[in-house]
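Since every read-out is calculated from the coordinates, none of them should be taken as a lab result. None of the values given here were measured: they were computed from a predicted structure. Cβ placement follows ideal geometry from the backbone for every residue including glycine, while neighbour counts extend to all protein chains displayed.
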Amino acid sequence: MRSWIVIAGIALSIVFQATASDARRTHLTPEQKEKLKNIQTVYVNVIALTESGRRDPGKLRDIVARRLQEIGYTVVTDRRKPHDVEFKVKCEERKTWTGTTPEGGDAELADAPARLWKGPACLFMYLLDGKDLGWYKEVRTSFEDAYAAAQAAQVADSGAYAMDKLAERLEVFDFPVLVTAEWGQVDRLLHLLDASTTHRLRKLKILSELTELQSDEALPHLTAILKQKDLAQEAIVALAGVGEESIPLLIDLFTTTKQPEIQAAAAKALGEVASSTGDPRTIYPLLDYLKRVLPRIKTSKDINFPVLTQVVWSLGKLRDDKSMEPIEELNEKVWLIYDNSKEMAALREATNWTYKQLHLDEHIS
């Protein structure tokens, strides 16, 4: 009975840990996914709409085309020329598109269209074989009222002002990385990640996308990134997306590093791998850490809060009987110590959640 419930618990954990983008992509057929991975030539179709009508989208189109070309795509702007995909960008002075569904799916993702935004915005989408596959991203200006903003800037034409400001946003919004990740083109992302000319913010975005793509190809590249102190924590989190292949490296990082922030990130990543794979190797180094520090915990000064909190969260993601006794002991200690700090509150929350996960059988029965 216990083993069945453990399996069910792990399955539920995997379901709830899945990202919204993962869920959205499940409707893609194997043939569509294969076509997306092999996209090279992109037909860029840009529309510019103002309150007074259509405008020449040339400036906006040039920016979109150049930024896609910079990461290796071949771009055409004539629909009649051969192309693998149509990349559409609709820029409006006043947004008329209502956005995605009220909740769930892409509505919950970063950069998703804002349903309540009615100001200047550019909507990104693509068509594969003429079919809309439901991927939408949006970039907006800092102001919602284009007319008022133009007046404040002493510009008579609010439509032109809105398009100019949207052009500025197109220069910095990283839609090339977002759509490349959507198409599953890991090699292209890894090439960007390794390039010395790629700035830090873009590397962080790529690491975030690689976390969701769960590609074995990323492992050696992420390992190399670990040597860069300013990106090490993000690389460790991204390693969780690699799956079982990353376990030995994550265990080594967790057990050998002297940097609390790196150790905490490794503990969190091990928990993510535990929830997605059910591999028991992820738990034992975390459990050893908890057992080692428990006897020393007398006051808050004896607790490394960032590390211990992540260790406790992760232990709850793969319900192992061996974790019950030490978690029970920790649960008693954290409530006996007088400490009203945010760090202690976070640790108590993690301990309480993990305690309930480990005793789930008793609650069900």
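With 0.36 nm allotted per residue and the present C-alpha distance subtracted, the A153-K33 stretch has 38.6 nm of extension available. Think of region 22-182 as having a plus end and a minus end, set by charges on the Cβ of Lys, Arg, Asp and Glu; of H27, Y136, V44, V44 sits farthest toward the positive end of this dipole. Loop-located trypsin sites (Lys or Arg not before Pro) across region 255-355 with a Cβ neighbour count of 16 or fewer within 10 Å are K258, K298, with loop assigned by DSSP. With a Förster radius of 51 Å applied to the C-beta separation of Q40 and N352, the computed FRET efficiency comes to 0.50.
For region 293-365, the spread of Cα coordinates along the three principal axes comes to 38, 21, 20 Å, biggest extent given first. Between the listed residues A350, Q310, V273, the Cα displaced farthest toward the positive end of the dipole of region 264-365, a dipole computed from Cβ unit charges relative to the Cα centre, is found at Q310. Projecting label points 7 angstrom from Cα along Cα→Cβ for N304 and S52 puts them 6.4 nm apart.
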